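The values are calculated or read from the model by the stated rules, or taken from the named source; none is laboratory data. Predicted, not measured: the structure shown is a model, and the values here were computed from it. Counting neighbours? That spans all protein chains shown, and the Cβs are built from the backbone with ideal geometry, glycine included.
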Amino acid sequence: AQSVTQLGSHVSVSEGALVLLRCNYSSSVPPYLFWYVQYPNQGLQLLLKYTSAATLVKGINGFEAEFKKSETSFHLTKPSAHMSDAAEYFCAVSDGGYQKVTFGTGTKLQVIP
Amino acid sequence: DTGVSQDPRHKITKRGQNVTFRCDPISEHNRLYWYRQTLGQGPEFLTYFQNEAQLEKSRLLSDRFSAERPKGSFSTLEIQRTEQGDSAMYLCASSLDGYEQYFGPGTRLTVT
């Protein structure tokens with residue numbers, strides 16, 4: 001069975017500060033890992049994905065994530081937060097089969113002006 | 001590319017009524033997924049279609065739930081005899097290769 005754990009249901013950062021959202025995964029096979037963003041009353045948008053290529057993955061809107069197998073982690077970072085980054089972020093894992101995706105419980109990011 | 005669309009966006013129904021939601025995937029995508037998202041939770045997998053074949057159903061999908069994808073194009077999700085616990089956001093996603101899923105805006109169901 002696969003699962004993800006997102007540490008911190010709410011994270012607050014100042015505008016211009018580093019964003020760090022934590023995600024740890026569990027998977028019995030080499031995982032595929034994803035970060036999605038969800039704005040209020042909208043669907044999910046893929047930020048970035050790891051599919052066993054480079055361990056440092058760059059995504060949209062200046063976000064990136066690093067796959068660390070030894071730590072079973074896939075933390076999301078952005079060097080400088082923008083007000084428009086305020087949203088809910090979901091880490092997700094797939095076992096690479098037909099790509100059934102298991103999501104974490106989400107982290108709401110607040111950006112303080 | 002018009003994206004994944006879902007209809008309706010909001011549905012309010014009384015307990016015991018039947019409801020049906022529609023999802024139109026991106027036209028060339030052969031894979032279609034339904035998820036349910038409750039407040040404060042991430043989306044939970046409900047079912048998966050490859051073309052018109054329904055290949056997996058979650059245990060979350062009770063006998064009151066049924067999904068179809070005739071001709072491998074749009075899909076419908078029907079809930080019979082709705083219960084208050086069915087109140088949630090129902091999300092549809094489509095994919096060409098399975099690695100990248102494109103989500104629709106969701107249908108928010110409220111059962112009173």
Inset, instruction - Find the residue count for region A:27-54, including only residues that are part of a loop (DSSP other than H, G, I, E, B), under 19 Å from B:L91 (Cβ atoms) and within 16 Å of the chain's Cα centre (by Cα). - result: 2
Inset, instruction - Kindly establish whether A:S14 is in contact (Cβ under 8 Å) with a residue 12 or more places away in the chain, small (G, A, S) and under 22 Å from B:G98 (Cα atoms). - result: no
Inset, instruction - Mind listing whichever residues of region A:1-57 are within 12 Å of chain B (Cβ to nearest Cβ) and among the small types (G, A, S)? - result: A:S3, A:S9, A:G43, A:S52, A:A53
Inset, instruction - Return the residue satisfying two criteria in turn: it lies in region B:69-112 and is aliphatic (A, V, I, L, M) and surrounded by 15 or more Cβ atoms within 10 Å (Cβ to Cβ), and of such residues it is nearest to A:A53 (Cα to Cα). - result: B:A93
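Within region A:61-113, considering only strands (runs of 3 or more DSSP E) that don't extend past its boundaries, which have at least 1 residues that are modelled with pLDDT of 95 or more and within 14 Å of chain B (Cβ to nearest Cβ)?
A:87-94, A:107-112
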Inset, instruction - Quick one: in region A:74-113, of everything that is free of Cβ contacts under 8 Å to residues at least 40 places away in the same chain and surrounded by 14 or more Cβ atoms within 10 Å (Cβ to Cβ), which residue is nearest to A:E15 (Cα to Cα)? - result: A:A86
Inset, instruction - Give the residues of region B:74-112 that are in contact with a Ser or Thr (Cβ under 8 Å, 6 or more places away or on another chain) and of a type in the set (S, T, Y), sorted by residue number. - result: B:T76, B:T82, B:S87, B:Y90, B:Y99, B:Y102, B:T110, B:T112
Legend entry - Hey, B:S66 free of Cβ contacts under 8 Å to residues at least 24 places away in the same chain, surrounded by 15 or more Cβ atoms within 10 Å (Cβ to Cβ), in a strand (DSSP E or B) and out of contact with any Cys (no Cβ under 7 Å at 6 or more places or on another chain) or not: yes
